[in-house]
Amino acid sequence: MDEIKVSPDYNWFRSTVPLKRIIVDDDDSKVWSLYDAGPKSIRCPIIFLPPVSGTAEVFFQQVLALTGWGYRVISLQYPVYWDLMEFCDGFRKLLDHLHLDKVHLFGASLGGFLAQKFAECTHKSPRVHSLILCNSFSDTSIFNQTWTANSFWLMPAFLLKKIVLGNFAKGPVDPKMADAIDFMVDRLESLNQSELASRLTLNCQNSYVEPHKIKDVAVTIIDVFDQSALSLEAKEEMYKLYPNARRAHLKTGGNFPYLCRSAEVNLYVQGAVRYLRATRASAGKRTWVDLQYFKGHAVLRMVGSPRFTCVSSMEQDMLP
């Protein structure tokens, strides 16, 4: 049984946060699906971009936690785009439609690459305050499939799904990681042939990030020490590309730490944007916390709030 799909948190998310569908292109078939939660007065939200196999639901735990801390969060699912510049243009139109000037972008795998390309594409008129890159990459050549990128549109859906599933963790994993994999398999099954083919095309067509164009964007890199689809060489390349980036390492988490290690990831996300707490770029009304101690226990207290949240010793080490 898929434990995440029947969990109280997921059912609460689905019942309280409405799914919106927005068309911003001339082509009516290009529909953006998104969950927009938190204070609508915030004009610099945190936007979550999913991996190849993901939909807007995969970040439901970030939506619930971060909105509870006062942030505005948007988790989206992109339409069928076959070209990176086409995607960037469509995403810019979506931000215009939502009346968002500049945003914080969290991208997982392909989502992280698209976030970097969008920041690069809009560097002359910046639309990105910060980037949070989870298990992401900066050069599509690491997948060694640039020569097949233009043929994905011809492949049947079952073959495309087989290609994606080949990057999922194999062998024994802990229960939470197993649940995360089951949930992502379910999300993968919900995508049709054109959605999968277009994402794989964006993931593998010959392209790389030009870091000098986004040197003024704050970057946080989140990755794991255990098995994931990202090679050690790809991780090292990211570190070289962003030598001043904040690094957030998880001992375990596999390909989907935002599902199976959500508490840690949520703290890292908050740490990545809290430095803007007193500026117009703030993603929430109360975007920072005080670390205090009460009866020997570490607690977090949101400024202006009387409520306390207990923090484990592991989470204390991750606090910014």
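With respect to D25, is the statement that it is outside any strand (DSSP E or B), open to solvent by less than 70 Å² (accessible area, probe 1.4 Å) and under 15 Å from L94 (Cβ atoms) true? For D25, the condition - outside any strand (DSSP E or B), open to solvent by less than 70 Å² (accessible area, probe 1.4 Å) and under 15 Å from L94 (Cβ atoms) - is met. For S41, the conditions (1) among the hydroxyl-bearing types (S, T, Y); (2) open to solvent by less than 30 Å² (accessible area, probe 1.4 Å); (3) under 18 Å from R72 (Cα atoms); (4) outside any strand (DSSP E or B) are fulfilled apart from (2). With respect to the conditions (1) surrounded by 21 or more Cβ atoms within 10 Å (Cβ to Cβ); (2) more than 28 Å from T146 (Cβ to Cβ); (3) at pLDDT 95 or above, W69 lacks only one, and its number is (3). Of everything in the stretch 109-134, what is without any contact (Cβ under 8 Å) to a residue 40 or more places away in the chain and open to solvent by less than 10 Å² (accessible area, probe 1.4 Å)? Give them in sequence order. Answer for the stretch 109-134, where residues must be without any contact (Cβ under 8 Å) to a residue 40 or more places away in the chain and open to solvent by less than 10 Å² (accessible area, probe 1.4 Å): just F118.
When S231 is tested against (1) touching a helix residue (DSSP H, G or I) at 6+ places or on another chain (Cβ under 8 Å); (2) open to solvent by 20 Å² or more (accessible area, probe 1.4 Å); (3) at pLDDT 95 or above, just one condition goes unmet, and that condition is (3). Of all residues in the stretch 72-108, exactly one satisfies the criterion of being at pLDDT below 95 and buried (at least 23 other Cβ atoms within 10 Å of the Cβ), namely Y78.
Any residue at all in the stretch 53-74 that's over 17 Å from L259 (Cβ atoms), of a type in the set (A, V, I, L, M, F, W, C) and assigned to a strand (DSSP E or B)? If you could, list the steps in order and put the result at the bottom.
Quick first cut of the stretch 53-74, residues over 17 Å from L259 (Cβ atoms) only: 67-72, 74.
Still in the running and of a type in the set (A, V, I, L, M, F, W, C): 69, 74.
With assigned to a strand (DSSP E or B) added as a condition, the list becomes 74.
The answer is yes, given that some residue of the stretch 53-74 is over 17 Å from L259 (Cβ atoms), of a type in the set (A, V, I, L, M, F, W, C) and assigned to a strand (DSSP E or B).
Restricting to the stretch 194-210, count the residues that are under 19 Å from V164 (Cβ atoms) and either in contact with a strand residue (DSSP E or B) (Cβ under 6 Å, 6 or more places away or on another chain) or part of a helix (DSSP H, G or I) (or both). Qualifying residue count, the stretch 194-210: 11. In the stretch 31-50 there is at least one residue that is touching a Phe, Trp or Tyr at 6+ places or on another chain (Cβ under 7 Å), at positive phi and in contact (Cβ under 8 Å) with a residue 40 or more places away in the chain.
Taking the numbered list (1) part of a helix (DSSP H, G or I); (2) closer than 21 Å to T220 by Cα; (3) over 17 Å from the mean Cα position of the chain (by Cα) in turn, G112 passes all entries but (3). The residues of the stretch 211-242 that are in a helix (DSSP H, G or I) and β-branched (V, I, T) amount to a single one, I214.
Scan the stretch 146-162 for residues that are open to solvent by less than 60 Å² (accessible area, probe 1.4 Å) and modelled with pLDDT under 90 and report the count. The total comes to 3. Looking only at the stretch 281-302, decide whether some residue is surrounded by 12 or more Cβ atoms within 10 Å (Cβ to Cβ), at pLDDT 90 or above and among the polar types (S, T, N, Q). Checking the stretch 281-302: not a single residue is surrounded by 12 or more Cβ atoms within 10 Å (Cβ to Cβ), at pLDDT 90 or above and among the polar types (S, T, N, Q). Taking the condition farther than 25 Å from R127 by Cα, open to solvent by 30 Å² or more (accessible area, probe 1.4 Å) and among the aliphatic types (A, V, I, L, M), does V224 pass? Against the criterion (farther than 25 Å from R127 by Cα, open to solvent by 30 Å² or more (accessible area, probe 1.4 Å) and among the aliphatic types (A, V, I, L, M)), V224 does not qualify.
The values are calculated or read from the model by the stated rules, or taken from the named source; none is laboratory data. Please read these numbers as outputs of a predicted model, since none were measured by experiment. Counting neighbours? That spans all protein chains shown, and the Cβs are built from the backbone with ideal geometry, glycine included. Protein only, heavy atoms only, side chains kept; ligands, DNA and RNA dropped before computing areas. Shrake-Rupley method; radii C 1.70, N 1.55, O 1.52, S 1.80 Å.
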